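Trainee: My questions will all concern the structure given below.
The values are calculated or read from the model by the stated rules, or taken from the named source; none is laboratory data. Please read these numbers as outputs of a predicted model, since none were measured by experiment. Methodologically, a virtual Cβ is constructed for each residue, glycine included, from the backbone with ideal geometry; neighbour enumeration extends over all protein chains shown. The area values use the complete protein model at the heavy-atom level, side chains included, leaving out ligands, DNA and RNA. Shrake-Rupley method; radii C 1.70, N 1.55, O 1.52, S 1.80 Å.
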Amino acid sequence: KDSGNVILQLESLTEEDVSFHWPNLAKAGFGTCQIRQILARLFQVGIGAGNLAQGLTYAEWELEHGTMRDKNGEPVTHPLNWVFSSLARTGYYRRPQGYISPQEQAEIDAAEENEHLKKARDARKKSAFEAWCAGLSPQEKNAIVAPGNRAFPMPEDTALRQHFFKLLIGITGTVLKPSFKEYQHQADEHEKYHIGADSFPLSVQNILSSC
């Protein structure tokens, strides 16, 4: 059942309101008179008007894109009569094929923005890793990739990446700087030099801080 607020909102619309929200429908002759007549027709048979405003938006979109078709797929020659009849009989206007609501578009845009941000973060991490590798001395690199540091052998690049991202970048992409105890534990266990975030060149630290 309709809430009284929906009907009151529709009945309170002016011709200027209709022209603002549904300009193409207004140009076709649709106005407040038609809205009130539709509400009356729906009330006669107990059909709610909750979908009326959305139906008008669908019809407006079809007029704007030139896609309003009748049940036989033919172009509608009298939009005013077509829209009025559809809404007055059922209180509903079918969703047009290809229609995307502003809310749906906002979700699509947000998903695309998140993907762009992810790619940017990944690129920054890749740059940080490459700059870090370039700054390692042979002794430092050997200390990291030495087979004794892991249970099974792995390619040098994989070992470097694992070391870099495991110790310096958390699962969520947040930079982690191991504590002194962690450094000491590594040194005591492997007796090898441990490369930490504080030893990175300043340019690399700046890249990491934005990841």
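Trainee: Using the C-alpha gyration tensor of segment 1-48, what are the square roots of 5 times its eigenvalues, in whole angstrom, with the largest one first?
Mentor: Three semi-axes, in Å: 21, 12, 7.
Trainee: Would you mind calculating the gained length between HIS21 and TYR99 on full extension (0.36 nm times residue separation, minus the Cα-Cα distance), in nm to one decimal? Don't skip to the answer; put the middle values down first.
Mentor: Numbers: separation 78, 0.36 × 78 = 28.08 nm, distance 1.65 nm.
Residue separation times 0.36 nm, minus the Cα-Cα distance, leaves 26.4 nm.
Trainee: At 10 °C and 1.306 mPa s, what whole-number value in µm²/s does Stokes-Einstein give for the translational diffusion of segment 1-112, with Rh from the Kirkwood sum over Cα pairs? Kindly include the intermediate steps, with their values, before the conclusion.
Mentor: Numbers: Rh = 14.7 Å.
The diffusion coefficient I find is 108 µm²/s.
Trainee: Still on this structure: With a point put 7 Å past each Cα toward its Cβ, work out how far ASN142 is from GLN37 in nm, to one decimal.
Mentor: Output for this residue pair reads 9.2 nm.
Trainee: A further question follows. Measure off, as a whole percent, the carbon and sulfur share of the 1.4 Å-probe accessible area of segment 1-125, all protein chains present. All intermediate terms of the calculation are to be shown ahead of the outcome.
Mentor: Numbers: 4230 of 8100 Å².
Result for segment 1-125: 52 percent of the exposed heavy-atom area is carbon or sulfur.
Trainee: Can you send over the solvent-accessible area of LYS119, 1.4 Å probe, protein chains only, in Å² to the nearest 10?
Mentor: LYS119 exposes around 120 Å² with every protein chain in place.
Trainee: Given the Cα atoms of segment 81-120, and with Rh set as the inverse mean 1/r over their pairs in the Kirkwood sense, what is Rg to Rh to two decimals? Provide the component values of the computation, followed by the final result.
Mentor: Numbers: Rg = 17.3 Å, Rh = 12.8 Å.
Radius of gyration over Kirkwood radius for segment 81-120 works out to 1.35.
Trainee: Could you work out the relative contact order of segment 27-155, using alpha carbon pairs under 8 angstrom and six or more residues apart, expressed as a whole percent?
Mentor: Numbers: 66 pairs, mean separation 32.4, N = 129.
25 percent.
Trainee: Using only the Cα atoms of segment 48-104, build the gyration tensor, take square roots of its eigenvalues as a ≥ b ≥ c, and label the shape rounded, prolate or oblate: rounded if a/c is under 1.5, else prolate if a/b is larger than b/c, else oblate. Don't skip to the end; give the middle numbers.
Mentor: Numbers: a/c = 1.93, a/b = 1.07, b/c = 1.81.
In terms of gyration-tensor shape, oblate.
Trainee: So how much accessible area does TRP132 have, in Å² to the nearest 10, using a 1.4 Å probe?
Mentor: Ignoring ligands and nucleic acids, TRP132 comes out at about 10 Å².
Trainee: Determine, from the Cβ-Cβ distance of ARG161 and ASP109 and an R0 of 45 Å, the FRET efficiency 1/(1 + (r/R0)^6), rounded to the nearest 0.05.
Mentor: Numbers: r = 33 Å, r/R0 = 0.73.
Result of the calculation: an efficiency of 0.85.
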